[in-house]
Amino acid sequence: MIIMAKHLIEVECPSCGGKDISKNGTGHKGSQRYMCNNTECNKKSFMLKYRYNGCKHGIEWNILTNTSNAQGIRDIARSLEISTQKVINTLKKQNPSQAT
């Protein structure tokens, strides 16, 4: 829970769901960054509003489920509003032995 000038913002970590959050500076475009203070959490730094949809939490899972539903790379990129390169890189990370 972060208190900002008469406003209460309920913030939780997108990875672990923890409520022990602190501010962690700003991004290069001025967006507020937050840090999860849970020692067991994998994701330490995050933002509430990302400018690019490819950085949002859970987007890789969406890419993989759309791939398993036989959608093409361009279809996935268009429906999730991300670049085709993000889709390709995610698929390469998932199965590096088939990457060309």
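Take every pair of alpha-carbon atoms less than 8 Å apart whose residues are at least six positions apart; their mean separation over the length of the chain yields a relative contact order of 15 percent. Lysine pair count for the chain with Cα-Cα distance under 18 Å and sequence separation of 8 or more or different chains is 14. The base-10 log of I(q)/I(0) for the stretch 54-95, evaluated at q = 0.14, 0.27 Å⁻¹, reads -0.23, -0.93 [Debye formula, identical scatterers on Cα atoms, solvent excluded]. Charged side chains reduced to their Cβ positions (Lys and Arg at +1, Asp and Glu at -1) give the stretch 54-95 a dipole of some 120 debye around its Cα centre. Each of Y52, Y34 was scored by other Cβ atoms within 10 Å of its Cβ. Arranged with the fewest first, they read Y52, Y34. When the alpha carbon gyration tensor of the chain is reduced to an equivalent ellipsoid, its three semi-axes come out at 31, 15, 12 angstrom, largest first. The angle separating the long axis of helix 59-68 from the principal Cα axis of greatest extent in the chain is about 20 degrees.
Unpaired Cys in the chain, meaning no second Cys C-beta under 4.7 Å: C55. Note that the stretch 74-85 has calculated 3J(HN,Hα) couplings of 5, 5, 5, 4, 5, 6, 8, 6, 10, 7, 5, 5 Hz, one per residue in order, obtained from phi through the Karplus relation 6.51 cos²θ - 1.76 cosθ + 1.60 (θ = phi - 60°); glycine and proline are x.
Fewest-first ordering of T84, T65, T39, T90 by other beta carbons within 10 Å of each residue's beta carbon gives T39, T65, T84, T90. Counting neighbouring Cβ atoms within 10 Å and putting the fewest first, the residues L48, L8, L91, L64 line up as L8, L48, L64, L91.
No lab work stands behind these numbers, since they all come straight from the coordinates. These numbers were taken from a predicted model, which means no experiment stands behind them. Note that each Cβ is placed from the backbone with ideal geometry, even for glycine, and that neighbours are counted across all protein chains shown.
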